[in-house]
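As structure tokens, the structure follows; a few thoughts come after it.
The values are calculated or read from the model by the stated rules, or taken from the named source; none is laboratory data. What you see is a predicted model, and the numbers here were worked out from it, not measured in a lab. Heads up, the Cβs are rebuilt from the backbone with ideal geometry, glycines too, and the neighbour counts pull from every protein chain shown.
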Amino acid sequence: MPIPTHPSTSPEDLKSALAGFCTGVAVITALGPDGRPAGMAVQSFSSVSLDPPLVCFCPAHTSTTWPRIRAAGRFAVNVLAEDQRELCRRFAVSGGDKFAGTPWRPGGNGAPLLDGALATIECELTDVLDGGDHAIALGRVTSLTAHRDTGPLLYFRRAWGRLTIPRGARSGIRCVRSQGAAAS
């Protein structure tokens, strides 16, 4: 069923409004049906439920990578660290061998786990829902590991950034923008 919109809401207006919402960045990976790794950068990763453990991400219907991940039936979420901006750029574009020069190892479900990720979350694809021009992919968490004690790569106002925590502060985290906008 199509999602109704207000007649004055354009895709560009929505993008501009949502640019003010800071998100983390992840790379969704899978071993495609042909045995080759597939991966795509997403900002749309989110926790859905703790019991049972469920997560989701929202790939565009126009994605050339999403059909390979969907066909695999299982995937990994690689939560990117603040020093993985170039890796994010590589996985944010269509085409090419995104895994060339990218160190990874197979997870328990076969999906590529990227070296240097803050965390890896292995999942079984349980459902795919319609979300307008995107799909909503729901995954049941089967395994997870936190790897690094560093800050996350963030996306805010169409640019990458990182967290800075003032020395001695327990709260008051602020986002510092970095140069270089991500591909839309």
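General remarks:
- Region 11-26, subset surrounded by 11 or more Cβ atoms within 10 Å (Cβ to Cβ) and farther than 30 Å from Glu122 by Cα, residue modelled with the highest pLDDT: Asp13
- Any hit, region 93-104, residues being modelled with pLDDT of 95 or more, surrounded by 20 or more Cβ atoms within 10 Å (Cβ to Cβ) and β-branched (Val, Ile, Thr): no
- Selection over region 37-73 of residues that are in contact (Cβ under 8 Å) with a residue 12 or more places away in the chain, out of contact with any Gly (no Cβ under 8 Å at 6 or more places or on another chain), over 23 Å from Asp83 (Cα atoms) and assigned to a loop (DSSP other than H, G, I, E, B) gives a count of 6.
- One residue stands out in region 128-184 among those that are over 30 Å from Thr62 (Cβ atoms) and of a type in the set (Val, Ile, Thr): the one that is modelled with the highest pLDDT, namely Thr145.
Yes or no, residue by residue, for (1) under 12 Å from the mean Cα position of the chain (by Cα); (2) polar (S, T, N, Q); (3) surrounded by 13 or more Cβ atoms within 10 Å (Cβ to Cβ):
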{"residue": "Arg36", "(1), (2), (3)": "no, no, no"}
{"residue": "Gln43", "(1), (2), (3)": "yes, yes, yes"}
{"residue": "Ser47", "(1), (2), (3)": "yes, yes, no"}
{"residue": "Pro52", "(1), (2), (3)": "no, no, no"}
{"residue": "Cys58", "(1), (2), (3)": "yes, no, yes"}
{"residue": "Ser63", "(1), (2), (3)": "no, yes, yes"}
{"residue": "Ala72", "(1), (2), (3)": "no, no, yes"}
{"residue": "Ala76", "(1), (2), (3)": "yes, no, yes"}
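- Check on Cys88, within 15 Å of the chain's Cα centre (by Cα), modelled with pLDDT of 95 or more and not in a strand (DSSP E or B): yes
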